[in-house]
Amino acid sequence: MPKINLTEKDRPYGDNFEYLADLKKSLDLKIYFYLKELINSTRGETYNLKGLVIPREEVVDFLSKLDGESAGHHLCENESRENHKVLRDLENFIAKRIELTLKTDVFLPLKYLCQVFGLNDFEKHCLALSLLVHYDRVYQRIFGYIQDDISLKYPNLDTAIKLFSPRASEQEVLEFVLLFEKRLAKFFFQQADSAPVSLSLPLQLDKRILDIILGNDEESFPPFLRLFYPGQALPPLIIQKDIQERMQNLIKGGGQNIFYFYGPPGSGKRLQIKHLAHKLGRAVIFADVTKLISSDGSWDEINLNKTLREIILYNAVFCLENFKDVTAGNTWDSHSVLALLEEIGKEADLLFVVDDTEEPLPELRAKANWLEVRFNLPSRREQKELWLEFSREFPLEKGMDVGELANKFQLMPGQIFNALKQAWVQARWQGKEAITKKNLYEACYQQISHNLSEKATLIKARYGFDHLILPPAQKRQLISACNQVRFKHIVYDEWGFEEKLAYGKGLSMLFAGPPGTGKTMAAQVIAGELGLELYKIDLSQVVSKYIGETEKNLKEIFAEGEKSNVILFFDEVDVLMGKRTEQKDAHDKYANLEVAFLLQSMEDYQGISIMATNFLQNIDSAFIRRLNYVIHFPFPDVEHRKKIWQSIFPKKMPLASDDIDYEYLAKQFEITGGNIKNIALVAAFMAAERRETVAMKHILGAVKNELEKQGKVLLKQDFGEYAFYLDKLKE
């Protein structure tokens, strides 16, 4: 009989492997007793194993090593009563040491598994028995000998029952099988398919369970699940604290609760769940619904069992997410989801369903204890708080006011934090020690996705107020418009206008003036000053002859603009915004409805919208009243034309400044800034072609081309004292 030392019963286990070593001893005893009886019953025979032979002497030698005596030890004496006593003493010895160990910091994973899953002695015996093949390969041959098949390297359920209760009746064997099927087959052992459990089922531990027992549990956590463990670092709850308080109060009442959180991505839904779990001292398991339910609505039993196992292991709060991906293709069945939640609810007392959509899924509203919570875009005041709090973790360039960003961008909490992280990455990539304003604005736009490019064109803002040649009054109006965005947080939030105004909190402007007077340039200046993207709307893609189509297109544009925090620039709006006519026919009626819809959309829009028209007199006065600013862009006079000529050429360009008569150009040619820009560009190409410095002759040649393009016939004498330059261009 194996020698068992029970002298250390008053000492706790020093580590997990010391405990497993004692379990192995108890199993060795069971195998020793069983093999002795088996060999005695086959004395003098060769034990054939499907054509392969394990000599009796090999098994005798194994027993002798366990016994500690010679290979010729006599194995026939009846030791049944003594055997039971030795085994009982060893099990009591192990139980005593476990009791002492629980008072220390030593963790015994197998003991923990048995406790949280409520396993009895037989189930614990099956788990421990399956570990033997991982100790020594000799056990594979011993199990092959017992099972009469040398190819079977793992103990099967029949062997486990025989070693646990050698004289079990048929009724008892059936009870063992049913018990095994209830928990062990579902959570602990590998199964080739969903076939019923049989006595021949090999006890091969699932890798996850084996890793847990051996202390390597982090390596095999199911990849389709995400785990938040209490104690992990968490961003603070800066806003929506009332949701947290309400959840905690509801949970105190007991019972099972299912929370349905929906709203845009990054709105804080998962953060609320993590904070609640942290408060309760519990883990959270996040599961992708697409990994648990297939396209035909059936459950994935294997992944479901793995999910339930983790919930039990961690006593976890459970969260089912990613419904948006499933519902987009209409490949799911709400009844399957609800049945799945009911199945998971058998193990999880606190369930969450998270949906990254702005509208709830009515099919999921099916339970009395189902509580819906909508997560909205934070208010401007809340966004300012988020910017100020999150920015504490990042170095910002001196003088940057991140609170101002809440006036320009409408971002969710997650987007704000990610924007700061991305900006810091960009700053380091550029070799900077702090985040610049440009880094941060670019990172903000990286958080936003939209479809504006289908009906609009992104215009890069390349100009500042120094480039814009306008009378002082118009410049002051443009600066005032920019300030209306910069100081929203003061006027609306600190001074209380947010509560006074139900609508019209955006910024709407109309730029009116002849073509080429700087309307588009002014829109770029505003975009550059505010650090916002500018999208020019192609009205040919918006206005439709089909009834209702124009409104649909406008609605999409404003919705995308709201989401993307960009400036919407409608150029030449006369096509849509002409004076409303009397309703003589159905066409007039719907044309007026289109105008009314645009007016309403302008008032509701929270961002910046700019309209440009060449003919202010064609714009309905009712429309003008609804605008924040109407800025007139006059035809430039001589003084302003001279300033435009002097500022139009780039500093890098080779320019014969002494040869150019700006005074003459401004007085002689009554043209707009747009015309002057075209002339400067053509003149530059003329000079480049001749490998010359840009001079008066090139400019006058370009002037002739520009005016002729407009249908004006110029004679040589129209150029006065500089007419001779035209001859030079022919040389």
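Yes or no, residue by residue, for (1) touching a Leu at 6+ places or on another chain (Cβ under 7 Å); (2) of a type in the set (Asp, Glu):
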site	(1), (2)
Asp401	no, yes
Pro413	yes, no
Ile416	yes, no
Lys421	no, no
Gly431	no, no
Thr457	no, no
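On inspection, Tyr13 passes the criterion of being at pLDDT 70 or above, part of a loop (DSSP other than H, G, I, E, B) and touching a Phe, Trp or Tyr at 6+ places or on another chain (Cβ under 9 Å).
Examine segment 386-402 for a residue that is open to solvent by less than 40 Å² (accessible area, probe 1.4 Å) and within 21 Å of Glu560 (Cα to Cα), and state whether such a residue exists.
No - not one qualifying residue is present in segment 386-402.
Whether a residue is out of contact with any Phe, Trp or Tyr (no Cβ under 7 Å at 6 or more places or on another chain), outside any helix (DSSP H, G or I) and modelled with pLDDT under 90 was assessed, and Lys728 does not pass this test. Criterion applied to Ala683, Ala688, Ala695 was being open to solvent by less than 20 Å² (accessible area, probe 1.4 Å) and either within 30 Å of Lys536 (Cβ to Cβ) or under 47 Å from the mean Cα position of the chain (by Cα) (or both), and the one residue passing it is Ala683.
Scanning segment 449-460 for residues being surrounded by 14 or more Cβ atoms within 10 Å (Cβ to Cβ) and closer than 17 Å to Leu530 by Cα gives a total of 1. Return the residue satisfying two criteria in turn: it lies in segment 407-445 and is open to solvent by less than 20 Å² (accessible area, probe 1.4 Å) and not in a helix (DSSP H, G or I), and of such residues it is modelled with the lowest pLDDT. Looking at the filtered set, the residue picked out is Phe409.
Scanning segment 266-279 for residues that are in a helix (DSSP H, G or I), out of contact with any Gly (no Cβ under 6 Å at 6 or more places or on another chain) and among the small types (Gly, Ala, Ser) turns up at least one hit. Please enumerate the residues belonging to segment 618-648 that are in a helix (DSSP H, G or I) and more than 30 Å from Leu681 (Cα to Cα). Scanning segment 618-648 gives Asn618, Ser621, Ala622, Phe623, Ile624, Arg625. For segment 651-677, the set of residues classified as buried (at least 19 other Cβ atoms within 10 Å of the Cβ) and either part of a helix (DSSP H, G or I) or at positive phi (or both) consists of Leu665, Ala666, Gly673, Asn675, Ile676, listed by residue number. Close contacts from segment 638-652, counting a first residue that is in contact (Cβ under 8 Å) with a residue 12 or more places away in the chain and under 14 Å from Asn675 (Cβ atoms) and a second that is open to solvent by 90 Å² or more (accessible area, probe 1.4 Å) and basic (Lys, Arg), with Cβ to Cβ under 7 Å and a gap of 6+ residues or different chains, come to Ile648/Lys677. Gly281 falls short of the stated requirement of being under 24 Å from Ile239 (Cα atoms) and either open to solvent by less than 20 Å² (accessible area, probe 1.4 Å) or within 23 Å of the chain's Cα centre (by Cα) (or both).
Ile624 falls short of the stated requirement of being among the β-branched types (Val, Ile, Thr), closer than 30 Å to Ile479 by Cα and surrounded by 15 or more Cβ atoms within 10 Å (Cβ to Cβ).
The values are calculated or read from the model by the stated rules, or taken from the named source; none is laboratory data. All figures in this text were calculated on a predicted structure; none of them were measured in a lab. Virtual Cβ from ideal backbone geometry, glycine too; neighbours counted across all protein chains shown. Calculation scope for accessible area: heavy atoms of the full protein, side chains included, ligands and nucleic acids excluded. Shrake-Rupley method; radii C 1.70, N 1.55, O 1.52, S 1.80 Å.
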